[in-house]
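Everything below concerns the one structure shown next.
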Amino acid sequence: MTQVSRQQWGKVSGLGSVDIWVLQSSQLKVEILTLGAIIRSVCCRGKDGQMEDVVLGYDDLEGYVSDKRYLGAVVGRVANRIAQGRFVVEGKEYQLDINNGPNAIHGGLWGFNKAVWLATGVEGGVKLTLTSPDGDQGYPGEVEVSVTYTLQEETLTAEYQARSTKTTPINLTNHSYFNLAGQGAEDIYDHQVSISAQNFLPVDDTSIPTGEIRAVEGTPFDLRKQVLIGTQLKEVPGPGFDHNYCLSLPKDPWTERHAARVCHSASGRVLEVSTSQPGVQFYTANFLDGSISGKGGLKYGKHSAFCLETQNWPDAVNQASFPDCLLHPGEDYQHVTRLTFTTV
Ligand code: BGC
């Protein structure tokens, strides 16, 4: 049985008031903000019974308002990168703001992570909705989007839905940073990871997929059997993992399959991720640099967390061989991701 409660958290000038929704089961306590549909915290027990918050974030609303790293947020309209911020839909070229090297990332300067969503209570959770106007951040069509978070015992489910008045690319994900030792622990080198993917997408030096779908076999990106993140990071070129893993073809938008598992043996905490999305971006917080003052005044440094962003493949709007990311008028965009927290 999950208890759901709501309280006001503060006000953002120009945006209005922001609430915290608290979902509490016998296993987990989860806090959701109406700003950015942000997962502010997930508290779960280790094998010694000790509760820890395993999600990075900020103590106050101001932290989230000025955040540039998408801590906990739902990102959209299009999560991840679009090469040169440019794409053509139905013969028309669109140019987005460039906000990541030469590319566009995570929905633009004022993406869904910076909006205050409308919230209503549902059985075991909260449904957040947002209307993104035609032309928002350069994207076509008015888009109605919702994210519904529900909690059942040790599983937090996120269901995403959208409809558009014009054909538009869409790719929604949640950008939570996790450290299963507890948020603020120095690094994730003692975590073990496995990802159920035969292939990954190599990227160019601006992190845009080259178009090749490469087998993980025989590469440092092979995570089919669990590996220690600290050891594996020494094998991976560049600052760390920041790559899309190609999952098996989804059956339908509501049927998830296993995507990833992360285990922190010292505390016994395990996170299992399943999704109906075509991919998962595994990111080892390579660009956190200690400059963020997080919850409890703790500093978040390089490799102090991991993200498993379930999503469509990056730059899909420009790469014909990638899974289709276009939402047409009259169609429903929908998918589901489940996060299950257990112990071993
Ligand atoms: C990207 C990273 C980026 C991070 C924060 C991740 O989804 O893959 O390259 O630094 O988001 O924007």
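The values are calculated or read from the model by the stated rules, or taken from the named source; none is laboratory data. Note that the structure is predicted; figures quoted are calculated from it, not measured. As a convention, Cβ positions derive from the backbone with ideal geometry for all residues, glycine included, and neighbour counts pool all protein chains shown. Surface areas here come from the heavy atoms of the whole protein model, side chains and all, with no ligands, DNA or RNA. Shrake-Rupley method; radii C 1.70, N 1.55, O 1.52, S 1.80 Å.
Numbers below:
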read-out: Search result, residues across region 96-136 that are surrounded by fewer than 20 Cβ atoms within 10 Å (Cβ to Cβ) and within 16 Å of the ligand (Cβ to nearest atom); value: Asp97, Ile98, Asn99, Asn100, Gly101, Pro102, Leu109, Trp110, Lys114
read-out: Matching entry among Ser5, Ser25 (being surrounded by fewer than 17 Cβ atoms within 10 Å (Cβ to Cβ) and farther than 19 Å from Leu288 by Cα); value: Ser5
read-out: Verdict on Asp324 being without any contact (Cβ under 8 Å) to a residue 60 or more places away in the chain and open to solvent by 50 Å² or more (accessible area, probe 1.4 Å); value: yes
read-out: Residue ranges of strands (runs of 3 or more DSSP E) in region 72-152 with at least 1 members out of contact with any strand residue (DSSP E or B) (no Cβ under 7 Å at 6 or more places or on another chain); value: 86-89, 92-95, 143-152
read-out: Where His175 falls short, out of the listed (1) of a type outside the set (A, V, I, L, M, F, W, C); (2) surrounded by 17 or more Cβ atoms within 10 Å (Cβ to Cβ); (3) without any contact (Cβ under 8 Å) to a residue 40 or more places away in the chain; value: (3)
read-out: Spans of strands (runs of 3 or more DSSP E) in region 207-285 with at least 2 residues closer than 21 Å to Thr343 by Cα and open to solvent by 10 Å² or more (accessible area, probe 1.4 Å); value: 257-264, 269-275
read-out: Residues of region 64-95 classified as of a type outside the set (Val, Ile, Thr), open to solvent by 10 Å² or more (accessible area, probe 1.4 Å) and within 16 Å of the ligand (Cβ to nearest atom), total; value: 7
read-out: Qualifying residue in region 328-337 (condition: part of a strand (DSSP E or B) and within 13 Å of the ligand (Cβ to nearest atom)); value: no
read-out: Count - residues of region 266-305 that are at positive phi, touching a residue at least 40 places away in the same chain (Cβ under 8 Å) and more than 14 Å from the chain's Cα centre (by Cα); value: 4
read-out: When residues of region 8-22 are limited to those that are modelled with pLDDT of 95 or more and among the small types (Gly, Ala, Ser), the one surrounded by the fewest Cβ atoms within 10 Å (Cβ to Cβ); value: Ser17
read-out: Test: residue in region 181-200 that is within 16 Å of the ligand (Cβ to nearest atom), among the small types (Gly, Ala, Ser) and either in contact with a helix residue (DSSP H, G or I) (Cβ under 7 Å, 6 or more places away or on another chain) or outside any loop (DSSP other than H, G, I, E, B) (or both); value: no
read-out: Subset of region 153-172 that is part of a loop (DSSP other than H, G, I, E, B) and either touching a Gly at 6+ places or on another chain (Cβ under 9 Å) or among the β-branched types (Val, Ile, Thr) (or both) - its residue that is surrounded by the most Cβ atoms within 10 Å (Cβ to Cβ); value: Leu172
read-out: Subset of region 290-318 [in contact with a Gly (Cβ under 7 Å, 6 or more places away or on another chain) and within 16 Å of the ligand (Cβ to nearest atom)]; value: Gly290, Gly294, Tyr300, Gly301, His303, Gln311, Asn312, Trp313
read-out: Test: residue in region 110-120 that is touching a residue at least 60 places away in the same chain (Cβ under 8 Å) and in contact with a Cys (Cβ under 8 Å, 6 or more places away or on another chain); value: no
read-out: Residue match in region 229-237 (condition: touching a strand residue (DSSP E or B) at 6+ places or on another chain (Cβ under 6 Å) and either at pLDDT 95 or above or under 26 Å from Val78 (Cα atoms) (or both)); value: yes
read-out: Subset tally (residues that are within 18 Å of Leu180 (Cα to Cα), part of a loop (DSSP other than H, G, I, E, B) and open to solvent by less than 10 Å² (accessible area, probe 1.4 Å)) for region 287-321; value: 5
